[in-house]
Amino acid sequence: MALIVQKYGGSSVADTDSIKRVAKRVVETEKKGNKVAVVVSAMGDTTDDLIDQALSIDSNPPEREMDMLMTAGERISMSLLAMAIHAEGSRAHSFTGQQAGFFTDARYGAAHIKAVKPDRVKNALALGDIAIVAGFQGINAKGDATTLGRGGSDTSAVALAVALGADICEIYTDVDGIFTADPRIVPAARRIPVIDYDSILEMASCGSKVLALRCVEYAQRFNMPLHVRSSFSHRPGTLVVPEGVDPRTLPNID
Ligand SMILES: Nc1ncnc2c1ncn2[C@@H]1O[C@H](COP(=O)(O)OP(=O)(O)O)[C@@H](O)[C@H]1O
Ligand SMILES: N[C@@H](CC(=O)OP(=O)(O)O)C(=O)O
């Protein structure tokens, strides 16, 4: 039995039909005999919409209130996904960043993770539940909600995978993995089947926005393998593996 962390980005949970589709995929992974913890982003453009709403009210909103607002997006998707999994006949339990034990520094809007103590997530998994965690958020020493910076759910997923001792962190998106260039802009771009952390970091520093830079650095520091793949297909994606690891030994790659 493997312990798998799956992260679904906003493009994979854009509407309620997509959330139902993701729920099926999560349950499918569980039914194969794995323990599954899921990190979820806000639905579609929710985060941008929340920012626009805030700015239409106050052109210079307090940072604390902005973070309070932005964490709401992931809370909507985590609870809807838990319901969709329940409707599929499996048990799921959702957790905010705070409930999942994500402790950060005080930098609102760009907080850094200081520690992850996912006791409640571990308990849920031990009881046989699927754990759903709101990405992109944590709590500071004052007990206030913080956000990790745009695209921060990737980092949440890797940090959770490390804290749980997961076998792999799967990052689900709307393309079949990491390509030599953005496949939406460069149709001739080729999927990269296996890559190392340094090469991804190089791509990210050259402007490729496929994975958040901090997420890759975190994965490299803790040798956490990543599988970037599409939530819309079962085609193989891109495996990001530590040196010396045979990618064929990783779980759930078919
Ligand atoms: N080198 C690349 N390989 C794959 N996708 C890329 C690359 N560079 C940019 N992208 C873009 O990244 C998008 C996925 O990122 P994003 O929209 O943030 O997804 P999510 O909502 O899943 O977090 C893809 O639709 C693709 O257009
Ligand atoms: N919802 C946040 C966090 C995030 O990581 O989203 P996504 O996984 O959709 O890039 C954002 O839009 O920045």
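This table checks each residue for (1) open to solvent by less than 20 Å² (accessible area, probe 1.4 Å); (2) more than 21 Å from VAL241 (Cβ to Cβ).
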site: TYR108; (1), (2): no, yes
site: VAL133; (1), (2): yes, yes
site: ASP144; (1), (2): no, yes
site: THR155; (1), (2): yes, no
site: ALA166; (1), (2): yes, no
site: SER199; (1), (2): no, no
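Within the range 63-87, if we keep just the residues that are open to solvent by 70 Å² or more (accessible area, probe 1.4 Å) and not hydrophobic (A, V, I, L, M, F, W, C), the residue that is nearest to VAL158 (Cα to Cα) turns out to be ARG75. Is it the case that some residue within the range 115-129 is part of a loop (DSSP other than H, G, I, E, B), open to solvent by 10 Å² or more (accessible area, probe 1.4 Å) and within 13 Å of ligand 2 (Cβ to nearest atom)? So far as the range 115-129 goes, no, none of its residues is part of a loop (DSSP other than H, G, I, E, B), open to solvent by 10 Å² or more (accessible area, probe 1.4 Å) and within 13 Å of ligand 2 (Cβ to nearest atom).
ASP45 meets each of the listed conditions (1) more than 16 Å from ligand 2 (Cβ to nearest atom); (2) of a type in the set (Asp, Glu); (3) farther than 26 Å from ASP119 by Cα; (4) in contact (Cβ under 8 Å) with a residue 12 or more places away in the chain apart from (1). Report yes if ARG107 is more than 21 Å from THR29 (Cα to Cα), touching a residue at least 24 places away in the same chain (Cβ under 8 Å), away from ligand 1 (no atom under 16 Å from the Cβ) and not in a strand (DSSP E or B), otherwise no. Answer is yes for this residue. Of the set (1) touching a helix residue (DSSP H, G or I) at 6+ places or on another chain (Cβ under 9 Å); (2) open to solvent by less than 20 Å² (accessible area, probe 1.4 Å), all apply to GLY177 but (1).
Working only within the range 131-162, note down all residues that are within 18 Å of HIS93 (Cα to Cα), more than 14 Å from ligand 1 (Cβ to nearest atom) and hydrophobic (A, V, I, L, M, F, W, C). Once the filter is applied, which keeps residues that are within 18 Å of HIS93 (Cα to Cα), more than 14 Å from ligand 1 (Cβ to nearest atom) and hydrophobic (A, V, I, L, M, F, W, C), the range 131-162 yields ALA131, ILE132, VAL133, ALA134, LEU160, ALA161.
Take residues that are within 16 Å of ligand 2 (Cβ to nearest atom) and tell me which of the strands (runs of 3 or more DSSP E) falling wholly in the range 135-254 contain 2 or more.
Correct list: 137-139, 145-147, 168-173, 226-230.
The values are calculated or read from the model by the stated rules, or taken from the named source; none is laboratory data. Quick caveat: nothing in here was measured; it's all calculated off a predicted structure. Quick reminder, even Gly has a Cβ in these numbers, built from the backbone with ideal geometry, and neighbours come from all protein chains shown. Side chains are part of the model used for accessible areas, which takes the heavy atoms of the whole protein and leaves out ligands, DNA and RNA. Shrake-Rupley method; radii C 1.70, N 1.55, O 1.52, S 1.80 Å.
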